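The values are calculated or read from the model by the stated rules, or taken from the named source; none is laboratory data. If you're wondering where the values come from, they're calculated on a predicted model, not measured in any experiment. All Cβ positions, even for glycine, are placed from backbone atoms using ideal geometry, and neighbour counts span all protein chains on display.
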Amino acid sequence: MVCNYSNTIAIKHGINSALIAGFINYRLTHTDTKFEGRPFVRITQKSLTATFPFMGEKAVRNAIKRLVKANVISVKQFRKSKFDHANFYALTQYGKTLMEGVEDIE
């Protein structure tokens, strides 16, 4: 799998975070799922570890936490079933700016 990522995100938040943000960005371009007027993509952390086998579950979890804390992605749970542990992910406006490479590295 070829994965595009943002150099700015990689430098500021680590390569794992940049790869996950790039994957979310890719999946968002191929989804029709919208909540709150924005496109969201449904992904489990286990599927991310299958997509990136060189990252363990803890590395994926930490990368997602860094992206949320930096306001690059937003994470929501729209399903109310206690058996459904998948989250819905979307890029924030700041995250879209970083993925487009518009913001300079500070």
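A few notes on this one:
- Of the residues making up segment 15-23, one or more are under 10 Å from the mean Cα position of the chain (by Cα) and touching a residue at least 60 places away in the same chain (Cβ under 8 Å).
- Scanning segment 11-37 for residues that are at pLDDT 85 or above and either assigned to a loop (DSSP other than H, G, I, E, B) or charged (D, E, K, R) (or both) gives 12, 14, 27, 29.
- Summed over segment 56-97, the residues that are touching a residue at least 12 places away in the same chain (Cβ under 8 Å), part of a loop (DSSP other than H, G, I, E, B) and either out of contact with any Gly (no Cβ under 9 Å at 6 or more places or on another chain) or at positive phi (or both) give a count of 5.
- Filter result (crowded, with 18+ Cβ neighbours inside 10 Å, over 14 Å from residue 73 (Cα atoms) and among the aromatic types (Phe, Trp, Tyr)) within segment 6-60: 52
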